[in-house]
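Working notes, beginning with the structure itself.
The values are calculated or read from the model by the stated rules, or taken from the named source; none is laboratory data. Please read all numbers here as calculations on a predicted model, not as lab measurements. Don't worry about glycine lacking a Cβ; one is built from the backbone with ideal geometry, like all the others, and counts go over all protein chains shown. Just so you know, the surface numbers come from the protein's heavy atoms only, side chains and all, with ligands and any DNA or RNA stripped out. Shrake-Rupley method; radii C 1.70, N 1.55, O 1.52, S 1.80 Å.
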Amino acid sequence: MANSRFSCRQIWVNMYGYFAGLCRHLQKYWCATVKGFFVKKKEKQIPSAETCFHKEKIVVLGQVLMNEYLPIEKRAQAAQKIGLLAFTGGPPAGKFAAEYMKEVAHLLQDEEVAPKIKILLLQSVACWCYLNPVSQKRAQSLQFIPILVHFFEGRFESTIKSEINSYLLLKLWTCYVLSVMTCNNLSYVKELKEHRALKYHLQMLSAENWSGWPKNCAKVLYFLIGFHRT
């Protein structure tokens, strides 16, 4: 288990630069675009006494996420940015971001949503849950585990190579998100063990090409759950 925890920590050490870069980009986007667009509405929508560092940004992005009239990709991008703000803003931001995760769970269950869109949603969940026991507990109550495990069990019958690759990438990201949720969280380990077919799926995915990733996340998750002992 010690090696598993080390592997999980190492994933985040390597991925930190990726998330930090996205965060810097988001801050520039906020200052240049979003803040200017909403500046006239800000006083009415956001109480000036709010103490949560990222709350203003999360509220604006949350409005985008919840707007069913917007393109699904734009809503998913907003969700991804909410996750990044939860990651950089600490527990207060994570608590406020939780308000929008029910919608993220709903979109992940929509069979019509393309894999590339669901990957944006998965990235949101990963950031929100990273080293945050409160967010992890909330995610568990929102049934994220069965939602994510379903991605391994679903059948995909396309013969188009690009679509096959996109679906595989969705599964790789699912491994990554579950490894983030499971690291140092025994309740996740216990629940994931109840999914009997998961051991087989992780064995198959661990044999896939993980080049470009800091670690083979299927293998990391396999060890975190303790399947290597059974």
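Descriptive notes on the structure:
- Those helices (runs of 4 or more DSSP H) of the range 111-174 in which at least 3 residues are among the aromatic types (Phe, Trp, Tyr), considering only elements entirely within it, cover 144-153.
- For the range 152-162, the criterion of being among the hydroxyl-bearing types (Ser, Thr, Tyr) and touching a helix residue (DSSP H, G or I) at 6+ places or on another chain (Cβ under 9 Å) is met by at least one residue.
- Within the range 170-178, one or more residues are touching a residue at least 24 places away in the same chain (Cβ under 8 Å) and within 21 Å of residue 89 (Cα to Cα).
- In the range 49-98, the residues that are open to solvent by 40 Å² or more (accessible area, probe 1.4 Å) and in contact with a Gly (Cβ under 7 Å, 6 or more places away or on another chain): 53
- Test: residue in the range 74-81 that is closer than 11 Å to residue 128 by Cβ and not basic (Lys, Arg): yes
- Some residue of the range 131-143 being closer than 22 Å to residue 218 by Cβ, surrounded by 13 or more Cβ atoms within 10 Å (Cβ to Cβ) and among the small types (Gly, Ala, Ser): yes
- Residues located in the range 119-169, provided they are polar (S, T, N, Q) and either in contact (Cβ under 8 Å) with a residue 40 or more places away in the chain or touching a Phe, Trp or Tyr at 6+ places or on another chain (Cβ under 7 Å) (or both): 123, 124, 132, 135, 136, 140, 166
- Residue in the range 159-175 that is open to solvent by less than 70 Å² (accessible area, probe 1.4 Å) and of a type in the set (Lys, Arg) present: yes
- In the range 208-230, the residues that are within 11 Å of residue 172 (Cα to Cα) form Cβ pairs under 6 Å with partners that are part of a loop (DSSP other than H, G, I, E, B) and among the hydrophobic types (A, V, I, L, M, F, W, C), at six or more places apart or across chains, as follows: 216/210.
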